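Note sheet for the following structure.
The values are calculated or read from the model by the stated rules, or taken from the named source; none is laboratory data. Quick caveat: nothing in here was measured; it's all calculated off a predicted structure. Backbone-built Cβ (ideal geometry, glycine too); neighbour counts: all protein chains shown.
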Amino acid sequence: MISVQNLTKDYDTHRAIDHLNFTAEKGEVLGFLGPNGAGKTTTMRILTGFMSPTSGTATIDGLDVMEDSLKVRHKVGYLPETVPLYEDMRVFDYLKFMGQLHKVQEIDERVAEVLIQVGMDDRSQSLIKNLSKGMRQRVGLGQALLHHPDVLILDEPTIGLDPKQIKEVRNLIKSIGKERTVMLSTHILSEAQQICDRVIIINKGRIVAEDAPENLQGRVSALRVVYVRVSEKTDQAATALRELPGVLSVKVLETGRIEVENVRESDVRPGIARKLVESGYDLLELTPESVNLEDIFLKLTREASSENPPLEPEPNDSQESEA
Amino acid sequence: MRNIWTIAKKEYAGLFYSPIAYVVGVVVFLVMGIFFSYDLNAAITYQYTPDFTYELDILIFPLIFLAIPILTMKTFSEENKSGTLELLLTAPVKDHELVIGKWLGTFLFFLSLILLTWFYPLVLNFIIDPGIDQPKNLANYLGVTLMASSMTAIGIYISSLFKNTIAALMASLGTLLVFWLISAPAQFFPGTVAADVFTNLSLTQHYYNSFRAGMIDLLDVSYYVSLTVLALFLGTRSIESKRWR
């Protein structure tokens, strides 16, 4: 459905995206992940025909985004990152206007339908300037859905929503993604993990990784870590654990936890539990550490820019804890 | 075609979302009303036939002349600034449809305003005998409408060049003023080609020398139509160029 070849965009001297190559199939939710300024918005703006690439091609359903721009725009629903809306219009009138531009049939009924879909049916007569951030986001999403687009391009679709709305929007995206193609950008990693069939990690305009979220996790390390805590005699317990099969190293942390590194293929937890209980230790905690997308992301983006200092943490922690 | 109409309707309705359109309307009818009251008094008391051409002079300058930059300044600059232009440029709308739609919506507002002032000469026509010179009045109105059309198109084009509405306002005012006064330098070198060019470029010359006197000259009509088309063409190019940045 979406096919991008050697796509490059330069702003003056700055290269925003650098020879991107990727595809997205029908019925796929593709996550576009990257730190701020990685080139996510630029790529989306080219795909929607808002901007021209410096070189390379992008096609949607076989149509070139520059050559057949108008046809492409019929097929694409787009939610820009800043969620631009006409402040002085009422929600219903705004959606009706956008629907008319997209040649939507039976416009009044369709707008009413979309308003229910995004949970804004009770605010259809509100002025957009009086809406909260989350509501604006939902109106923007409604606008993108209006004309039943084959391809939905959503730039940070869940920003500014509360946890309940985030869940609703994610479910909505998932259900739309079953029949259509959805491409969404996010820097909320758990979001990509939850709703995307495939994730592309992009940094400084280049793709650094592309795979299903599960497969990406396997790439980072072949090791697994289990944290163990016992009531007393921690050092002795650690020594005892070293002898277990499958265990590679054991380390006592300052917090009093024991960090057990083991080979990925074997689950050493039953062995650890048995060993400790049989040896008379009181086992207080046995926690496996799961490598999450966050770690992969940091690792990959740091690798990609190894000559530069490590990335600042994304200023989006509150969002993630909400999610 | 349908897109042009959709955008024009939204643009027209959009003018009434803000107080500017109401303020412009009130000022126009207030000022025109004051002059009308003089005419009415003269008509009733002395059966004097007022020439409505003078009232239309006031309508053109300063009323419409000032109102056009004020009402066109936001058309594109505001969309550019707030990011809604991204919505319009990613909707299946051709760039020229967008520009023409914006122009049409704003022009229709001025057309309504101009047509509503026709109320004054109609009333006067009933009071005095032999009445208002209708053909001349019609030519006057046609000229004013054509002039407003060109000026609106220029305002729309200039708005597409800016993100800042005040900058767009000043640039429009300046440009219109130059077009208004450009025939003045012609008197320094009369009879030359340069004088001809300056005179023919002028927004005012094509009105005052024909429409105002009650004549409809095809040359003057084509001047205003060409100026409108040219400004809309430049506006379209300016919007197109945004995709290439």
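All conditions but one from (1) within 30 Å of B:F211 (Cβ to Cβ); (2) within 14 Å of chain A (Cβ to nearest Cβ) apply to B:D51; the one that does not is (2). Among residues of segment A:98-111 being more than 10 Å from every other protein chain (Cβ to nearest Cβ) and in a loop (DSSP other than H, G, I, E, B), the one that is nearest to the chain's Cα centre (by Cα) is A:V104.
Per the listing A:R180, A:R170, the residue uniquely touching a His at 6+ places or on another chain (Cβ under 9 Å), surrounded by fewer than 24 Cβ atoms within 10 Å (Cβ to Cβ) and assigned by TED's automatic domain parsing to the domain that holds A:F92 is A:R180. The set of residues in segment A:33-42 that are under 11 Å from A:D155 (Cβ atoms) and either within 14 Å of chain B (Cβ to nearest Cβ) or surrounded by fewer than 20 Cβ atoms within 10 Å (Cβ to Cβ) (or both) comprises A:T41, A:T42. Each residue in segment B:132-167 was checked for being over 20 Å from B:V229 (Cα atoms) and touching a residue at least 24 places away in the same chain (Cβ under 8 Å), and 14 of them qualify. Scanning segment A:247-284 for residues that are within 12 Å of A:V226 (Cβ to Cβ) and touching an Asp or Glu at 6+ places or on another chain (Cβ under 8 Å) gives A:V247, A:L248, A:S249, A:V250, A:K251, A:R257. Of the residues A:T23, A:T59, A:T13, the single one that is among the hydroxyl-bearing types (S, T, Y), more than 13 Å from chain B (Cβ to nearest Cβ), under 26 Å from A:S175 (Cα atoms) and surrounded by fewer than 18 Cβ atoms within 10 Å (Cβ to Cβ) is A:T23.
Among the criteria (1) more than 27 Å from the chain's Cα centre (by Cα); (2) part of a loop (DSSP other than H, G, I, E, B), the one A:V83 does not fulfil is (1). Residues A:L30, A:L95: which one is assigned to a strand (DSSP E or B), within 21 Å of A:L152 (Cβ to Cβ) and not β-branched (V, I, T)? Result of the check over A:L30, A:L95: A:L30. Of the residues making up segment A:85-95, those that are more than 8 Å from every other protein chain (Cβ to nearest Cβ) and surrounded by 21 or more Cβ atoms within 10 Å (Cβ to Cβ) number 3.
Can we say A:L30 is more than 10 Å from chain B (Cβ to nearest Cβ) and in contact with a strand residue (DSSP E or B) (Cβ under 8 Å, 6 or more places away or on another chain)? Talk me through it step by step, then tell me what you get.
Values: more than 10 Å from chain B (Cβ to nearest Cβ): yes; in contact with a strand residue (DSSP E or B) (Cβ under 8 Å, 6 or more places away or on another chain): yes.
Yes: the conditions hold for A:L30.
Take A:Q137 and decide whether it is away from every other protein chain (no Cβ under 12 Å), under 20 Å from the mean Cα position of the chain (by Cα) and not charged (D, E, K, R).
Working: away from every other protein chain (no Cβ under 12 Å): yes; under 20 Å from the mean Cα position of the chain (by Cα): yes; not charged (D, E, K, R): yes.
Against the criterion (away from every other protein chain (no Cβ under 12 Å), under 20 Å from the mean Cα position of the chain (by Cα) and not charged (D, E, K, R)), A:Q137 qualifies.
Only one residue in B:A167, B:A213 is among the small types (G, A, S) and more than 16 Å from B:T72 (Cβ to Cβ). Which one?
When all the criteria are applied, what remains is B:A213.
Of all residues assigned to segment B:11-27, none qualifies as being out of contact with any Phe, Trp or Tyr (no Cβ under 9 Å at 6 or more places or on another chain), more than 12 Å from chain A (Cβ to nearest Cβ) and among the polar types (S, T, N, Q).
Where helices (runs of 4 or more DSSP H) fall entirely within segment B:67-171, those with at least 3 residues that are aromatic (F, W, Y) and either within 14 Å of another protein chain (Cβ to nearest Cβ) or within 14 Å of the chain's Cα centre (by Cα) (or both) are at B:95-116.
Return a yes/no flag: does segment A:307-323 have any residue that is surrounded by 15 or more Cβ atoms within 10 Å (Cβ to Cβ), at pLDDT 70 or above and assigned to a helix (DSSP H, G or I). So far as segment A:307-323 goes, no, none of its residues is surrounded by 15 or more Cβ atoms within 10 Å (Cβ to Cβ), at pLDDT 70 or above and assigned to a helix (DSSP H, G or I). Contact map, segment B:227-245: residues that are away from chain A (no Cβ under 14 Å) paired with residues that are among the acidic types (D, E), Cβ distance under 8 Å, separation 6+ or inter-chain. Pairs shown: B:T236/B:D95.
When we screen B:L177, B:L124, B:L181, B:L227 for residues that are within 27 Å of B:S77 (Cα to Cα), of a type outside the set (G, A, S) and crowded, with 20+ Cβ neighbours inside 10 Å, the only hit is B:L227.
Of the set (1) out of contact with any Phe, Trp or Tyr (no Cβ under 9 Å at 6 or more places or on another chain); (2) surrounded by fewer than 19 Cβ atoms within 10 Å (Cβ to Cβ); (3) in contact (Cβ under 8 Å) with a residue 24 or more places away in the chain, all apply to A:S175 but (3).
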